[in-house]
1. To one decimal place, what orientation-averaged projected area in nm² is obtained for the convex hull of the Cα set of the chain?
2. Ile91 to Gln67: extension gain in nm, 0.36 nm per residue of separation minus the Cα-Cα distance?
3. Mind giving me the nanometre distance, one decimal, between the label points for Thr56 and His113, set 7 Å out from Cα along Cα→Cβ?
4. Sketch the reach of a paramagnetic label on Lys131 as a point 7 Å from Cα along Cα-to-Cβ, and name the residues of segment 26-60 whose backbone nitrogen lies under 20 Å away.
Amino acid sequence: MIGIAAAAANETPFHSMAARKVHGAKHSILIVRNADRVASFCNDVIGDISGIISGTASALVVIQIAQSIHLQATSVEYAINVGLASFIAAITVGGKALGKSFAITYSRDIILHVGKILQFLEDRFHLTIIKDHKKKRPKQKSKK
């Protein structure tokens, strides 16, 4: 949801919030300005990791079920494996679809909450997730 919300969000309301010193607004601007990176990381990297974890978890559940009812490699075990994998895939795809529509509708609120989390991490733990490249540039001396 964060990746889709970053791509769908408009930067303008966060400038207004930053002017009013709303906690997390400046970090939200950075998220929107780096929407391509944020969306790529959240949608691809986190999505792949989630897929691997859910697939592994379903395989472990099938193994536990098979051991608890003392099944060998039979058609019942294969049916349980396929059924559970299909169920997890359906939940994953359905959840992603609901998450996308929710992220598009509430992109401003989602990005503001993520901005607040990023500001908290930076304030408390000095952990910078998204760097503001404008801050780091040294001022150039004008040639006269």
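Quick note: the coordinates plus some simple rules give every number you see, no bench work behind them. All figures in this text were calculated on a predicted structure; none of them were measured in a lab. No Cβ is skipped: glycine too gets one built from the backbone with ideal geometry, and neighbour counts run over all protein chains shown.
1. Mean projected area of the Cα convex hull: 13.1 nm².
2. Going from the current span to full extension adds 6.1 nm.
3. About 2.7 nm separates the two model spin labels.
4. 26-42
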